[in-house]
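Every number in this text was worked out from the coordinates using simple rules, so none of it is lab data. Remember, it's a predicted structure, so these values are computed and weren't measured experimentally. Quick reminder, even Gly has a Cβ in these numbers, built from the backbone with ideal geometry, and neighbours come from all protein chains shown.
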Amino acid sequence: MNKQGIGTKLWGPPNSDEAAEFLAYSTDVDRAACLAAFDRVTNCVKSYVDTTKAISPVRDALAACIENKKPASFVRMGDGEGNVLFHTWGKYPVLSNYCLRKISKICFGSEDVIVKNFDLFSDILIEAIEQADFVGGPERGSLNASFDRPLQEIDVRGVCGMRGLYSFMTEDARFASLPDTIWGATFYSRSMLPHYHRLLHGLPFIGVISCYDELAPHLAQQFDIDRHATILIPMQASIARRMDAANGHLERYDAILDQIRPPFQGAVYIIAAGHLGKSYCTVIKQRGGIAIDVGSIADAWMGIRSRPGISDDFVDKWRLSGVAA
């Protein structure tokens, strides 16, 4: 709890020192500076697509990769990934450490997982952005709206993740130019839902890295795909409602990397694996495959409402055939 009243209506609000740094960050990088950082990043890429309004450029880019068997990585950088890169930025260590501990608890069931292995997580995300053909990041409208929330209702971790991604990227020379990258919104995968049939139907193979052992078979059945392969990971701790101990995903990371073996150039993989999933996307591309990071869409396909922004009607609409209601 904090005396400033920030985030006090939400789970796990910052303490007073963390809240003070949040106010300092919001003052130092105010609305105008935050939006300018977004604009600098989206001006340094090959093209920027507002995928909340138009998905066809991303759909067509992915379709071309699949048709031409061109190795590729389509990744998402949400507020959780932004928390890591915000800490990499290093400007507000008390605040960013709070964000790291909280997102680590949410994703891995322990506050220590990301903190104790921070260099690994930071390197994974930086490489994923550098190697990606498409990156979905927090959209401009969400950044703008984050400055209008009442103090008690501010999700400090989420807000710092969204803003911190762009704060970090604009001051890191590695991202001064991304001439081969398309940039869009984090939840591009939701906008892609009407198009997966066209993209995936009739493929000779689909690989899936997720916590669902039945996802690959259901995708293969729905889209008439000949062969499928599954690499299982533990479910995100908050979704599994097991936030009292580390879920073991990091301990299996090296073994999972060893299992990524695309059977031919251009083999398509669906990834829903959080922070570490960005590394799986990079490795799939490096080994000749095409990685599509879908995030919580995997949950919806499996009939699970896992995010506040996903309604029961949405899940019912996009649940794969054969998945129990």
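Observations
- Computed from Cα atoms, the angle from the helix 31-43 axis to the main principal axis of the chain rounds to 30 degrees.
- Structure remark: mean-square fluctuation, Gaussian network model of the chain, C-alpha springs under 10 Å; the largest value among Ser189, Ser16, Ser167 belongs to Ser16.
- Selection from Pro179, Tyr166, Phe205, by position along the positive dipole direction of the chain (Cβ): Phe205
- Taking 1.002 mPa s as the viscosity and 20 °C as the temperature, the Stokes-Einstein diffusion coefficient of the chain based on its alpha-carbon Kirkwood radius rounds to 107 µm²/s.
- Restricting the chymotrypsin sites (Phe, Trp or Tyr not before Pro) of the range 1-39 to loop positions (DSSP other than H, G, I, E, B) with no more than 12 neighbouring Cβ atoms within 10 Å leaves Trp11.
- Normalised by the number of residues in the range 188-318, the mean separation of alpha-carbon contacts (under 8 Å, six or more apart) gives a relative contact order of 22 percent.
- Tensor-based shape of the range 188-318 (alpha-carbon gyration tensor, a/c under 1.5 rounded, otherwise prolate or oblate): oblate
- Counting only alpha carbon atoms, the long axis of helix 274-286 and the longest principal axis of the chain meet at about 50°.
- Choice from Ala216, Ala63, Ala32 showing the highest fluctuation, given a GNM over the chain with Cα pairs closer than 10 Å: Ala32
- At most 11 other Cβ within 10 Å, DSSP loop - chymotrypsin sites (Phe, Trp or Tyr not before Pro), the range 224-315: Phe264
- Ellipticity estimate at 222 nm from DSSP helix runs (n ≥ 4, -39,500 (n - 2.57)) divided over the chain, nearest 500: -14000 deg cm²/dmol
- Whether the range 1-86 is rounded, prolate or oblate, judged on the alpha carbon gyration tensor where a/c under 1.5 counts as rounded: prolate
- Helix 56-68 and the long axis of the chain differ in direction by around 40°, with both axes built from C-alpha atoms.
- In the chain, lysine pairs with alpha-carbon atoms under 18 angstrom apart (chain gap of 8 or more, or interchain): 6
- Fluctuation leader among Gln259, Gln221, Gln236 - the chain, Gaussian network, Cα springs under 10 angstrom: Gln259
- In the chain, the sites counted are trypsin sites (Lys or Arg not before Pro) in DSSP loop states with at most 13 other Cβ atoms within 10 Å, and the longest stretch holding none of them, exclusive of the sites, is 54-240.
- For the chain, relative contact order (Cα pairs under 8 Å, six or more residues apart, normalised by length) works out to 23 percent.
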